[in-house]
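Novice: Below you will find the structure I want to go over with you.
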Ligand SMILES: Nc1nc2c(c(=O)[nH]1)N[C@H]1C(S)=C(S)[C@@H](COP(=O)(O)OP(=O)(O)OC[C@H]3O[C@@H](n4cnc5c(=O)[nH]c(N)nc54)[C@H](O)[C@@H]3O)O[C@H]1N2
Ligand SMILES: Nc1nc2c(c(=O)[nH]1)N[C@H]1C(S)=C(S)[C@@H](COP(=O)(O)OP(=O)(O)OC[C@H]3O[C@@H](n4cnc5c(=O)[nH]c(N)nc54)[C@H](O)[C@@H]3O)O[C@H]1N2
Ligand SMILES: [Mo]
């Protein structure tokens with residue numbers, strides 16, 4: 001692509017052909033080489049990769065998967081390396097770039113083309129008169145941002161965080177919002193694993209997963225619900241491969257046959273690479289219907305309960321762990337009665353699986369001693385997402401699979417520090433904020449009114465009550481539902497400020513006063529008055545790690561996130577004698593001291609221990625069967641129904657269920673390229689995967705053009721055309737397309753009742769033939 005970074009992504013060679021290679025392997029090596037070359041990453045950049053996820057090195061900016069104490073020679077995967085190449089690209093979105101391209105013009109560019117403009121290099125202010133971003137100085141920016149924030153009702157400003165910023169930056173950011181006067185701290189978790197944060201405290205009294213990396217060495221069996229390990233947490237394939245070699249079973253529930261769950265070739269094993277051998281990952285693969293997990297898990301539990309009764313009658317050993325249940329849980333009777341009431345034909349119908357298949361999975365579970373339940377967006381992004389997570393906890397509790405070696409519940413978190421942001425106070429729920437400590441340490445009265453989460457922020461922007469949006473990373477406007485409606489309302493805001501590394505669409509839809517502030521990435525050396533600074537983060541298994549930048553900043557005008565937050569604070573807030581923002585920025589060790597003072601039980605001796613190989617383990621009470629629930633016991637919970645989506649029209653006739661998902665060539669809204677290798681799609685993202693029977697039934701053709709329309713009774717038309725129909729192995733009645741392009745189809749009100757997480761995996765739609773343009 002040329003310097004302008006523009007449009008040649010529009011003339012791509014589109015190929016759709018089945019991929020028969022494994023996950024990993026030569027395909028992975030090739031794909032990596034391609035992006036390193038395209039981004040012009042210097043050789044020093046590839047040397048950088050040897051420091052990725054190593055003690056003393058930097059922590060990957062891609063997923064949140066655990067970092068082992070004894071890392072591999074190359075402790076990174078294809079997609080982690082892509083994330084590094086993406087940040088260390090030679091491309092720059094320079095002042096000339098912004099002078100050349102108006103904001104209206106940039107709004108016509110694809111997500112891919114925008115980020116391919118390269119790293120942001122200079123603070124910019126949006127100039128409405130010329131419709132261009134124009135350079136400004138850092139001090140001008142903060143002066144105006146501070147003045148604007150001071151002029152607003154604190155309730156009307158929102159502080160969004162995408163889950164990448166460090167523990168240090170996140171702690172300062174949460175404090176900034178509360179000192180300013182609100183809990184309006186939505187974060188990417190509100191679109192992601194919020195059902196986990198709501199469900200697990202109710203079920204097991206801890207908001208995070210209980211599994212540690214070493215549990216994978218002792219497990220007999222893993223359930224995999226709705227998580228695409230091959231694309232989204234590929235480093236996890238190594239422990240999975242090890243577990244398979246020991247004979248552990250992996251039982252998958254996923255509507256799509258995801259390659260990483262089928263077969264893996266370790267790209268770091270010369271033998272495997274040269275002999276083209278691979279490890280079979282799943283031992284059972286159940287293509288559950290979209291949203292069919294509540295029914296499938298009910299079936300699993302029903303089968304176990306029946307087997308337990310049979311065993312008792314026949315005098316065989318019990319199937320349920322009755323000792324564990326008696327000592328540690330509450331609510332089994334009601335839950336058993338619920339399972340008894342469900343008849344198999346309804347469970348088969350709703351899950352799309354046969355009773356025989358479900359009983360087969362239950363039989364493996366019944367004979368396994370230590371079982372891990374792994375899950376991702378396939379469970380959480382539903383109207384009953386929280387209830388579905390609680391069902392998985394029920395299933396594990398039946399056989400005592402929480403709080404013992406080799407077992408547990410394992411939500412695979414998304415962004416590299418999304419879990420950590422919550423730990424240090426990024427939350428809109430005042431009851432989760434450390435208010436007593438904040439009062440004691442900083443002598444102010446923290447706001448006690450509930451703040452806005454992501455969906456509520458969107459509602460506030462639509463009704464005009466939200467007047468200012470500060471974004472610490474991310475691409476909020478592209479990641480949220482109803483993107484077309486939201487873009488129209490977004491411009492009514494008074495102030496929008498985006499702290500970012502690369503240009504994206506959220507930067508192009510602006511409030512009356514708008515700033516784009518470029519920051520250092522985590523890979524870059526962060527030099528402050530006290531010398532180069534390290535930062536820290538929490539992985540998916542609740543371990544904290546230190547991270548040192550290793551590359552020179554791509555521009556001298558970049559600033560670190562902690563510095564930017566401190567400057568906004570100084571420009572906005574009255575001085576507080578208990579907070580020396582400059583001293584914190586000079587030495588992040590002092591921010592970590594403040595974190596430790598705020599959370600003494602979690603961060604004991606943090607500055608020293610964050611460098612422990614494998615990370616500092618956060619205490620999670622459920623790991624040792626201490627249940628911090630109201631009853632003091634782990635809780636079986638009866639779901640309110642079996643439908644993942646209770647109140648939309650039934651998915652019958654011409655109404656299909658649409659899931660929005662990620663390709664193997666993207667990180668959320670960041671599109672690295674157009675090769676979804678594992679799914680055999682190349683050169684396009686404008687597709688809809690469909691079952692052949694539905695294609696024929698609905699008068700469509702494989703390879704033909706189609707338009708999708710959302711079915712909803714809210715009077716709002718939502719549609720997306722120009723899509724290519726791709727015949728795919730997906731259950732009848734279900735279809736799939738890529739996020740974020742499909743977000744125009746997702747109604748804002750279509751979210752989980754309990755956590756308000758948008759239900760991005762089950763949108764009621766019609767797919768119609770469309771004349772080719
Ligand atoms: N390379 C890369 N890595 C990433 C990301 C990325 O975009 N790219 N994103 C990061 C982030 S923020 C997150 S949250 C994670 C996301 O990682 P995942 O949790 O894997 O999320 P998705 O890619 O949305 O895929 C969800 C999977 O669930 C399946 N699924 C969909 N609906 C259902 C259902 O109703 N039931 C079941 N059982 N399965 C279903 C889909 O087929 C798909 O395999 O990955 C993180 N890591
Ligand atoms: N339909 C549908 N919608 C979804 C989902 C889905 O599966 N389907 N998934 C949801 C999920 S799980 C998530 S987590 C959200 C993701 O939502 P977000 O977290 O808001 O989006 P990202 O695409 O991760 O943000 C990418 C941008 O972050 C900026 N960035 C990258 N690195 C840094 C950094 O170090 N510092 C700063 N300040 N900025 C940086 C870059 O400018 C880049 O353009 O989307 C959600 N939306
Ligand atoms: Mo996520």
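Novice: Of the residues that sit in the stretch 61-76 and are at pLDDT 85 or above and more than 16 Å from ligand 2 (Cβ to nearest atom), which one is farthest from the chain's Cα centre (by Cα)?
Specialist: Per the criteria, the residue is 70.
Novice: Tell me the residue from 727, 759 that is crowded, with 16+ Cβ neighbours inside 10 Å and under 30 Å from residue 640 (Cα atoms), please. So that I can check it myself, show each step before the final result.
Specialist: Numbers: 727 fails: under 30 Å from residue 640 (Cα atoms).
Result: 759 is the single residue among 727, 759 that is crowded, with 16+ Cβ neighbours inside 10 Å and under 30 Å from residue 640 (Cα atoms).
Novice: Please state which one of 413, 355, 422 is away from ligand 3 (no atom under 16 Å from the Cβ) and touching a residue at least 40 places away in the same chain (Cβ under 8 Å).
Specialist: The match here is 355.
Novice: Turning to a different aspect of this structure: Taking residue 439 as meeting all but one of (1) in contact with a helix residue (DSSP H, G or I) (Cβ under 7 Å, 6 or more places away or on another chain); (2) surrounded by fewer than 24 Cβ atoms within 10 Å (Cβ to Cβ); (3) not assigned by TED's automatic domain parsing to the domain that holds residue 299, write down the number of the exception.
Specialist: (1)
Novice: Restricting to the stretch 715-756, give me the number of residues that are within 13 Å of ligand 2 (Cβ to nearest atom), touching a strand residue (DSSP E or B) at 6+ places or on another chain (Cβ under 6 Å) and part of a loop (DSSP other than H, G, I, E, B).
Specialist: 3
Novice: Taking residue 390, is it surrounded by fewer than 24 Cβ atoms within 10 Å (Cβ to Cβ) and modelled with pLDDT of 95 or more?
Specialist: Spelling it out, it is not the case that residue 390 is surrounded by fewer than 24 Cβ atoms within 10 Å (Cβ to Cβ) and modelled with pLDDT of 95 or more.
Novice: Which of the following residues is surrounded by 15 or more Cβ atoms within 10 Å (Cβ to Cβ), within 16 Å of ligand 1 (Cβ to nearest atom) and not in a loop (DSSP other than H, G, I, E, B): 657, 645?
Specialist: Just a single option satisfies the conditions, and that option is 657.
Novice: Could you tell me which residue of the stretch 442-460 is surrounded by the most Cβ atoms within 10 Å (Cβ to Cβ), considering only residues that are over 23 Å from the mean Cα position of the chain (by Cα) and farther than 22 Å from residue 568 by Cα?
Specialist: Looking only at the stretch 442-460, we keep the residues that are over 23 Å from the mean Cα position of the chain (by Cα), and these are 442-450, 460.
Adding the requirement that they be farther than 22 Å from residue 568 by Cα leaves 448-450, 460.
Details: 448: 10, 449: 11, 450: 14, 460: 20.
The selected residue is 460.
Novice: Here is a further query. Check whether at least one residue in the stretch 210-217 is assigned by TED's automatic domain parsing to the domain that holds residue 283, within 16 Å of ligand 3 (Cβ to nearest atom), buried (at least 22 other Cβ atoms within 10 Å of the Cβ) and modelled with pLDDT of 95 or more, and report yes or no.
Specialist: Scanning the stretch 210-217, I find no residue that is assigned by TED's automatic domain parsing to the domain that holds residue 283, within 16 Å of ligand 3 (Cβ to nearest atom), buried (at least 22 other Cβ atoms within 10 Å of the Cβ) and modelled with pLDDT of 95 or more, so the answer is no.
Novice: Now for a separate question. Return yes when residue 147 is assigned to a strand (DSSP E or B), in the same structural domain as residue 491 (by TED's automatic domain parsing) and surrounded by fewer than 22 Cβ atoms within 10 Å (Cβ to Cβ) and no when it is not.
Specialist: Considered against the rule, which asks whether it is assigned to a strand (DSSP E or B), in the same structural domain as residue 491 (by TED's automatic domain parsing) and surrounded by fewer than 22 Cβ atoms within 10 Å (Cβ to Cβ), residue 147 comes out as no.
Novice: Which of the strands (runs of 3 or more DSSP E) contained wholly in the stretch 226-324 include at least 1 residues that are under 21 Å from the mean Cα position of the chain (by Cα) and more than 16 Å from ligand 2 (Cβ to nearest atom)?
Specialist: Passing ranges, in order: 249-253.
Novice: For the stretch 430-483, how many residues meet the condition of being without any contact (Cβ under 8 Å) to a residue 24 or more places away in the chain and not in a loop (DSSP other than H, G, I, E, B)?
Specialist: Result for the stretch 430-483: 7.
Novice: Here is a follow-up. Somewhere in the stretch 114-132, is a residue in contact with a helix residue (DSSP H, G or I) (Cβ under 7 Å, 6 or more places away or on another chain) and in a helix (DSSP H, G or I)?
Specialist: Yes, the stretch 114-132 contains at least one residue that is in contact with a helix residue (DSSP H, G or I) (Cβ under 7 Å, 6 or more places away or on another chain) and in a helix (DSSP H, G or I).
Novice: Do we have any residue at all in the stretch 643-659 that's under 27 Å from the mean Cα position of the chain (by Cα) and within 16 Å of ligand 3 (Cβ to nearest atom)?
Specialist: Checked against the condition, which is being under 27 Å from the mean Cα position of the chain (by Cα) and within 16 Å of ligand 3 (Cβ to nearest atom), the stretch 643-659 yields at least one hit.
Novice: Could you tell me which of the residues 65, 109 is in a loop (DSSP other than H, G, I, E, B) and within 16 Å of ligand 3 (Cβ to nearest atom)?
Specialist: Numbers: 109 fails: within 16 Å of ligand 3 (Cβ to nearest atom).
Answer to the selection: 65.
Yes or no, residue by residue, for (1) farther than 23 Å from residue 474 by Cα; (2) within 16 Å of ligand 1 (Cβ to nearest atom); (3) over 16 Å from the mean Cα position of the chain (by Cα); (4) at pLDDT 95 or above:
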residue: 169; (1), (2), (3), (4): no, no, yes, yes
residue: 173; (1), (2), (3), (4): no, no, yes, yes
residue: 176; (1), (2), (3), (4): no, no, yes, yes
residue: 184; (1), (2), (3), (4): no, no, yes, yes
residue: 188; (1), (2), (3), (4): no, yes, no, yes
residue: 196; (1), (2), (3), (4): no, yes, no, yes
residue: 206; (1), (2), (3), (4): yes, no, yes, yes
residue: 220; (1), (2), (3), (4): yes, no, yes, yes
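Novice: Let me ask you something else. Output the residues belonging to the stretch 731-773 that are closer than 19 Å to residue 703 by Cα and in contact with a helix residue (DSSP H, G or I) (Cβ under 6 Å, 6 or more places away or on another chain).
Specialist: Of everything in the stretch 731-773, just one residue is closer than 19 Å to residue 703 by Cα and in contact with a helix residue (DSSP H, G or I) (Cβ under 6 Å, 6 or more places away or on another chain), namely 732.
Novice: A further question on this structure: Only one of 89, 84 is part of a loop (DSSP other than H, G, I, E, B), within 16 Å of ligand 2 (Cβ to nearest atom) and over 19 Å from residue 470 (Cα atoms); which?
Specialist: Just one listed residue meets the conditions, 89.
The values are calculated or read from the model by the stated rules, or taken from the named source; none is laboratory data. It should be emphasised that the depicted structure is a prediction, and the values quoted were computed from it without experimental measurement. Glycine gets a Cβ as well: all are built from the backbone with ideal geometry, and neighbour counts include every protein chain shown.
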